[in-house]
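Presented below is the structure to which this report refers.
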2 protein chains.
Amino acid sequence: MMIKFNIEDGDSVVVDVGKDETVLDAAKRSGVVIDAPCGGNGTCGKCRVKLVSGKLDGEKPKYIEENAFNEGWRLACAHKPSGDVEIFVPKSANAFQSRIRVTDFSGAREKAVFDDVRAALKELGFTGDCGVETVNVELTAPSLDDALADRERAARSIAGQTGIDEDKIKFSLYALRRLPLMLREHNFRTECVLRLEKDGSRTVIDVRNAGKMLPGLAIDIGTTTVSMLLVDLATGLPVASASGGNAQIRYGADVINRIIESTKKDGIKKLREAIIEECIYPLIKRICSMAGIESEEIYRIAITGNTTMAHLLLAVAPEYLRLEPYVPAFFNADEFSAGDIGLPVNPCAGVVIAPAIGSYVGGDITAGVLAADFYRKENFSLFIDLGTNGELVFGNSEFLFSCACSAGPAFEGGEISCGMRATTGAIEKCSINKETGDPDFSIIGETGVKPAGICGSGLIDIIGELFRCGIINAKGKYLEGGRRVIKDESGGVGFIIVFADESETGQDIVLTESDIDNFIRAKGAIFSAIRTMLAIVDFSIDTIEEVYVAGGIGSGIDIDHAIMIGMFPKLPKEKFRYIGNSSLSGAYAMLTSCAAVKKVSEIAGGMTYLELSSHPSYMDEFVAACFLPHTDSGLFA
Amino acid sequence: MMIKFNIEDGDSVVVDVGKDETVLDAAKRSGVVIDAPCGGNGTCGKCRVKLVSGKLDGEKPKYIEENAFNEGWRLACAHKPSGDVEIFVPKSANAFQSRIRVTDFSGAREKAVFDDVRAALKELGFTGDCGVETVNVELTAPSLDDALADRERAARSIAGQTGIDEDKIKFSLYALRRLPLMLREHNFRTECVLRLEKDGSRTVIDVRNAGKMLPGLAIDIGTTTVSMLLVDLATGLPVASASGGNAQIRYGADVINRIIESTKKDGIKKLREAIIEECIYPLIKRICSMAGIESEEIYRIAITGNTTMAHLLLAVAPEYLRLEPYVPAFFNADEFSAGDIGLPVNPCAGVVIAPAIGSYVGGDITAGVLAADFYRKENFSLFIDLGTNGELVFGNSEFLFSCACSAGPAFEGGEISCGMRATTGAIEKCSINKETGDPDFSIIGETGVKPAGICGSGLIDIIGELFRCGIINAKGKYLEGGRRVIKDESGGVGFIIVFADESETGQDIVLTESDIDNFIRAKGAIFSAIRTMLAIVDFSIDTIEEVYVAGGIGSGIDIDHAIMIGMFPKLPKEKFRYIGNSSLSGAYAMLTSCAAVKKVSEIAGGMTYLELSSHPSYMDEFVAACFLPHTDSGLFA
């Protein structure tokens, strides 16, 4: 049996389908993206697709109205083909995953930010020592008088060219299996890909045709989003990027819920599969197809992610991260081979994972600090990573303190009804006319692009302007009516930023009180964490000389507005610098440079972790910060 | 559906059976041994079993006579259960595999031979440096003030106790996954198993309760038989042994046929599965159950085998071994982890494989030479390994030459109608009364044990005596009749050694002309190889000062008879020494000592391989040697 998926605004995909597979199962297996936040249990109703032809078995789910069911609408998770079928996949079926799509460097402005980071890394010498190299092997064919085995013949040639002892050249099983065939197919001329080992020896990890790209992969595993950068290790240049939602989200939006899930039966296995098989596999497939390479040609991987993500990636129990005294199973993951972890690349590709320093300050931060580059400077700097978890680092070349707070996904557009990542169609800047109450906004993308949603920086602007114009109060509640303020059936109040006829989606873009509330909690978590951390280490806000803002919030962030709503401390605007996805930049550095790996390790070793949750004043600070701008408005005067 | 197997002289085994599985499939999966030399194609008729209750689907095969079919006899490969069934498995259904069972050191006399080898190895210092060690880890429990991660906490303790730098202590994924659970289950007191790396660093490969055995496994993969020895690495003492038939035999009795099979679609995969999943898996299961351990507790493996076996184990194409110029893909296999190869033990157990020196002189010989211990001596020695492939090594501490010939499995009892390994019930010595023509024999095992078959040494005696008494001629044909000489329906002539009423099996033990022919070819291959090799290196037979005889032929070998029939050169009897399964002894040495691994590598590096097949005189020598004793009887005068 086959399913033909007709994807709205996309290609058709034809998939074989097994007897007991649902439409959702077949879609997952073939990389057709259909949201299923409930995990395919039939309890969320998000995976609506339409039957075009053929027959699906399964009863009408409660989420499909009678007439919609008659028109062919079904839930992908609840129906199984009973023969060849054709299925229409509307845009709405992957709205969530599309919206969080871009945290990589595929947008022009994010790319510019990354290019600056990359230039800085290069200047510091973090380049060109990626631990993978190629050697051309041109051999005399064997004869009865010279019956040396292929492996020894190739090793001798490599030894001769590199000056390495022959007995320090090993072959991976993958390379050994390819060797006799490649040699005879190519007249005993081929190229060996070598992995440099810590003891100076080399492992031949592939045997291939000469003159090809030398691909490596940087991966940032965020709680909400996974991003990848494919890099030619020979040049250090990025070749392709891709990102997508972290499928673990069905087990909970934040790390705490996922840790709880991991303690259930098969929990670790399911969470590991969600990240590896449902996110990393299809993203690697996509990025390789963009670059025109096979995934087995990826020879090195660097991974950054928070402590929980690192544990789940390796299927190590994260259980004790959330139980006092909050102890991870590991800070430093040793360098594994991709095959050990089950990544679908060259099985002996070395996998470096950025070290954590605490249960809630992970490798995304230690690698991000390398990319932010303030760890070398005398100035006291504050590093703020705005993700699902917010993390802070404060210090200079003498010391570094760090802590974490749970901010939620609002900065990345999550938990906001019209939220989206900082990509094409996102409202990233906004001002509101105090007289008319009408917004004026700018949208990411080419001229003429219609607004599709609101990204983090747009949210800051809109909430700041609504507050400045007196449309909302300090608690984030709408004060008065008007043609833009609407109520939905359940009594929720919202403000229409864009009317349906002007939007990309054909629906109003609305900011609800609930959205504002979510955002205020996020910014309150960040600000209160800054205050608490500085208090613990006995520094005042005035001592901060530079502020590095990282995360998917977008380069359009307006610092004045962010200060106005009490998200960032009141400091001169020029002290702030947006550095983009510093976790992915850090992964890039670790991918292309073993010296960078070592430096991240040193940074981690010198960083002190502060556990805010065990600090008595943190909760009071948080409550006080959940106002616009703050209960102590003097802090922002 | 279930099958209950009632095994004659054995236990009952109950197995779940899938819809499309034959009785043979279910038996294979569950370790119930049923011979299927044809691979389950229904073309050999050996897998006869009897239906006791229930129903089997499938037509009457030609191998089952009408009335036997009515009695319930079926072919395990040709019938599928259509519900719960009960199946009787007669002894005859696993006669071949039972007969070749023992090549390990479980027999008292083979064990004595091995104990001598082991004592000699110990004297040479090949002991106690197995590359695996344990460290007791007793940690202070973490607290809010001391939230060091588990891995770093354990590494610090190991570093403190061993003096190794903390950053030179790595954790395997398997160990890392066990660490947080083991620590909390056992109050932060546990034992770490460490693998020593070449660069002096350590990898923690397991976390476990203290005070247990430290198991390692020596494996000899023969073309016909696979043998294993489980060793406590802490003491170097053997704990259990097991052996069984090499399931690849269904793809051919010799390496050439298996190499040809490997070039067919999925051939390498099938041959690899036959050795790993059908032989090594169940043998490991059996040996672990004998020793009362879990297979994941095996921490090191040493493997010996001929070049083809090594290629197939690693799934490396052996294709070019049999094509001029006969070049292996590798001589030296690097040290892999068990997980890389798919062995069901601790995934980071180091696997050392003895190096080959040519297409037909493999790691069984290089490791065997270590065990034979003549490589250090001034005396010119000849080493003869009597296996399916016969291999020879000639030399002393100054030089070593080696070559191979295809002897077939006759020395191990294969291709001989009543052949068996040198184990309980085997006729191992025989003399014949020239007057009466009646044999007098001794049998391996306790007093009163009945004869079950003939092992290699018994064959030499019987053929020697038949020839001495004039019952057979120089071509191995029976000269006259008598009550012991019989003809079967197809005209084949045989000599009854043991009448049915005196045998263990209840059937006559008969030596046929075809058996004698097979044996003469085997001994002819060995003798002609000795002659040709010595001629090539310009030495005469008289220069041989010692002869080491290795292989499963058994300690009962009678040198006078072996010389009389022209198998061994005419040299004084006291120059010969039987050294047993030297390949397994060599694997044992490599398992328990890294110095032994290094020494085998040196031996291999100094050994010169002679390709007899490319030598013009070899075929003439072989033809001349296929007589009793030889066409040139002066050689044995």
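Data for the structure
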item	result
Conditions (1) assigned by TED's automatic domain parsing to the domain that holds A:SER295; (2) crowded, with 22+ Cβ neighbours inside 10 Å; (3) not polar (S, T, N, Q); number of the one not met by A:TYR251	(2)
Among the candidates B:THR162, B:THR140, residue that is more than 30 Å from B:VAL597 (Cβ to Cβ), of a type in the set (Ser, Thr, Tyr) and out of contact with any Gly (no Cβ under 8 Å at 6 or more places or on another chain)	B:THR140
Qualifying residue in the stretch B:279-287 (condition: farther than 18 Å from B:THR224 by Cβ, more than 14 Å from every other protein chain (Cβ to nearest Cβ), buried (at least 19 other Cβ atoms within 10 Å of the Cβ) and under 19 Å from the mean Cα position of the chain (by Cα))	yes
Test for A:ALA356: is it touching a residue at least 60 places away in the same chain (Cβ under 8 Å), crowded, with 24+ Cβ neighbours inside 10 Å, within 12 Å of chain B (Cβ to nearest Cβ) and not polar (S, T, N, Q)	yes
Selected residue (criterion: surrounded by the most Cβ atoms within 10 Å (Cβ to Cβ)) from residues of the stretch A:531-578 that are among the charged types (D, E, K, R) and assigned to a helix (DSSP H, G or I)	A:ARG531
Conditions (1) among the polar types (S, T, N, Q); (2) crowded, with 17+ Cβ neighbours inside 10 Å; (3) modelled with pLDDT of 95 or more; (4) not in a strand (DSSP E or B): number failed by B:THR203	(4)
Yes/no for B:SER528 being under 30 Å from B:VAL393 (Cβ atoms), crowded, with 16+ Cβ neighbours inside 10 Å and among the polar types (S, T, N, Q)	yes
Of all residues in the stretch A:419-454 being assigned to a loop (DSSP other than H, G, I, E, B) and acidic (Asp, Glu), the one that is farthest from the chain's Cα centre (by Cα)	A:GLU435
Some residue of the stretch A:328-345 being assigned to a helix (DSSP H, G or I), in contact with a Ser or Thr (Cβ under 8 Å, 6 or more places away or on another chain), hydrophobic (A, V, I, L, M, F, W, C) and within 14 Å of chain B (Cβ to nearest Cβ)	no
Residue list for the stretch B:114-152, filter: assigned to a helix (DSSP H, G or I) and surrounded by fewer than 21 Cβ atoms within 10 Å (Cβ to Cβ)	B:ASP115, B:ASP116, B:ALA119, B:ALA120, B:LYS122, B:GLU123, B:GLU152
Exclusive hit being crowded, with 22+ Cβ neighbours inside 10 Å and touching a residue at least 60 places away in the same chain (Cβ under 8 Å), set B:GLY368, B:GLY362, B:GLY342	B:GLY368
Pairs with Cβ under 8 Å, 6+ apart, first in the stretch B:137-148 and facing chain A (nearest Cβ under 9 Å) and at pLDDT below 95, second surrounded by 12 or more Cβ atoms within 10 Å (Cβ to Cβ) and part of a strand (DSSP E or B)	B:ALA147/A:TYR609
Enumeration of residues in the stretch A:605-620 that are within 11 Å of chain B (Cβ to nearest Cβ), among the small types (Gly, Ala, Ser) and either under 15 Å from A:SER359 (Cβ atoms) or outside any helix (DSSP H, G or I) (or both)	A:SER613, A:SER614
Residue match in the stretch A:183-193 (condition: part of a helix (DSSP H, G or I), acidic (Asp, Glu) and either more than 8 Å from chain B (Cβ to nearest Cβ) or in contact (Cβ under 8 Å) with a residue 12 or more places away in the chain (or both))	yes
In the stretch B:149-177, the residues that are among the aliphatic types (A, V, I, L, M) and either touching a residue at least 12 places away in the same chain (Cβ under 8 Å) or within 10 Å of chain A (Cβ to nearest Cβ) (or both)	B:ALA149, B:ALA154, B:ALA155, B:ILE158, B:ILE164, B:ILE169, B:LEU173, B:ALA175, B:LEU176
Residues located in the stretch A:609-634, provided they are surrounded by fewer than 17 Cβ atoms within 10 Å (Cβ to Cβ) and either more than 30 Å from A:ALA371 (Cβ to Cβ) or out of contact with any Ser or Thr (no Cβ under 7 Å at 6 or more places or on another chain) (or both)	A:SER613, A:SER614, A:PRO616, A:SER617, A:MET619, A:ASP620, A:VAL623, A:THR631, A:ASP632, A:SER633, A:GLY634
Candidate set from the stretch A:574-611 (those that are in contact (Cβ under 8 Å) with a residue 24 or more places away in the chain and charged (D, E, K, R)); member that is nearest to A:ARG421 (Cα to Cα)	A:ARG577
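The values are calculated or read from the model by the stated rules, or taken from the named source; none is laboratory data. Just so we're clear, the structure is a prediction, and the values are computed from it rather than from any experiment. A quick note on method: Cβ atoms are made from the backbone with ideal geometry, for glycine too, and the neighbour counts reach across all protein chains shown.
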